[in-house]
Amino acid sequence: MVTQKQRRLWAFLAALACVMWGISGLFAKALFNISPEITPMWLSQIRMVTSGIVLIILAGIVGQKPFGTMKNKHDAWVIIAYGIFGLLPVQLFYFIVVQKANASIATILQFVGPFFVMGYLAITHKQVMRKLDVVAAICAFIGVVLLATHGNFNHFAITPDVLFWGLLSAVGVATNTLIPISVLKRVSSLVVTGWGLISAGICLMIVHPQMPKISSDPRVWFYTAAVIIIGTIIPFQLMTNSLRFIKASTASLLDAFEPFSATVGSVLVFGLVMMPMDWVGSILVVLSAMALNISPKKKDKNKIHQ
């Protein structure tokens, strides 16, 4: 029996996980600012392989038999696809936007991801869109336009390539959500994510095997460790365990702490100047994504009406 105290504690820890994800984007931006040799490709390779190995070791320690999972060919292929087409774009493209712009824009654009999920389900599963979904989609589109133009429709405030990579990372959010669904019903999320990260990291190493000459500046490894630990290992554990005590819809609403922390951090640490229309656009995107999780309460058929 889950107590109210436990729910509050794990809701706080889930919110903390989202804040950590937002903060990790700030560490990534600081890392890119140290040297042009440090690229999103290199950081993605290091982050995914290292984090994946740590998660697989943790899965083995708690008795989840991670190597046994990969003996099932169907599950193995789904997990590899999840890594390459889900985790890879959601992380690599996110870091590209962080490098080219900032963590705030990168995180906010990723919040468009649920609308790609909604569109996919509407087309393939004939899922009927509610009026709320349509309104939310329109508001999210307006929010992205405001972010891209500062409200001045005669020019782009962010470059077209930032918008392109940002929306591709949002597509990655959708594939990251949809691909592993069938396997997660049978296999621990710790195992699925661990092997997915390793698969994605190895794929990037095959595509781009050349390793850059990394600066000897100690900040490089401190910031890289922060991205791996604060941005992957700790928040993943907090969020996964919190779902045993709080509703998934509650966790989704707490996601709003990620762009909030990334935006506030970008303003305070990197001197990001947010125009009034930027704040309006950001709020529209985040609230629109949160609105997708609003479900009307079903009436209890057994309730005796007075």
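Descriptive notes on the structure:
- For the peptides 97-109, 51-63, the ranking by mean Cβ contacts within 10 Å, running from highest to lowest, is 97-109, 51-63.
- The alpha carbon gyration tensor of the chain gives principal lengths a ≥ b ≥ c with a/c of 1.5 or higher and a/b no greater than b/c, which makes the shape oblate.
- Carbon and sulfur %, accessible surface of the stretch 53-111 computed with the full protein complex present, 1.4 Å: 70 percent
- Overall form of the stretch 145-292: oblate. Here a/c, set by the Cα gyration tensor axes a ≥ b ≥ c, is 1.5 or more, and a/b is not larger than b/c.
- Each label point was placed 7 Å from the Cα along the Cα-to-Cβ direction; for Asn152 and Phe67 their separation is 6.1 nm.
- Accessible carbon and sulfur surface of the stretch 194-249 relative to its total accessible area, %, 1.4 Å: 70 percent
- Using a cutoff of 8 angstrom between alpha carbon atoms and counting only pairs six or more residues apart, the relative contact order for the chain works out to 41 percent.
- Within the listed set Ser189, Ser199, Ser282, the residue fluctuating most in the Gaussian network model of the chain (springs between alpha-carbon atoms under 10 angstrom) is Ser189.
- Among Leu121, Leu190, Leu26, the largest mean-square fluctuation in a Gaussian network model of the chain (Cα springs under 10 Å) belongs to Leu121.
- A dipole drawn for the chain from +1 and -1 charges on Cβ atoms has a positive end, and of Leu272, Leu184, Ser35 the residue lying farthest that way is Leu184.
- Overall, the stretch 58-169 carries a charge dipole of about 340 debye about its Cα centre when +1 sits on the Cβ of Lys and Arg and -1 on the Cβ of Asp and Glu, all other atoms neutral.
- Over the chain, DSSP H runs of length four or greater, each weighted -39,500 (n - 2.57), average out per residue to a 222 nm ellipticity of -23000 deg cm²/dmol.
- Pairs exceeding 24 Å between alpha-carbon atoms, taken from Lys71/Lys126; Lys185/Lys247; Lys71/Lys185; Lys73/Lys247; Lys29/Lys213; Lys71/Lys247: Lys71/Lys126; Lys73/Lys247; Lys71/Lys247.
- In plain terms, the chain from Ile34 to Phe12 could stretch by 4.6 nm, reckoned as 0.36 nm per residue minus the Cα-Cα distance.
- Span-like helix ranges in the chain, DSSP H, alpha carbon extent 20 angstrom or more, Kyte mean at least -1.0: 4-34, 40-61, 131-149, 160-178, 189-207, 276-291
- Across Leu87, Leu16, Leu268, mean-square fluctuation computed from a Gaussian network of the chain (C-alpha pairs under 10 Å connected) peaks at Leu268.
- Global geometry of the stretch 49-175, whether rounded, prolate or oblate, following the gyration tensor of its Cα atoms and the 1.5 cut on a/c: oblate
- Accessible area per residue, Å², the stretch 1-139 with all protein chains present, probe 1.4 Å: 48 Å²
The values are calculated or read from the model by the stated rules, or taken from the named source; none is laboratory data. For clarity, every value in this text was computed on a predicted model and none was experimentally measured. Neighbour counts run over all protein chains shown; Cβ positions are idealised from the backbone, glycine included. For the accessible areas, the whole protein counts, side chains as well, though only heavy atoms, and no ligand, DNA or RNA atoms are used. Shrake-Rupley method; radii C 1.70, N 1.55, O 1.52, S 1.80 Å.
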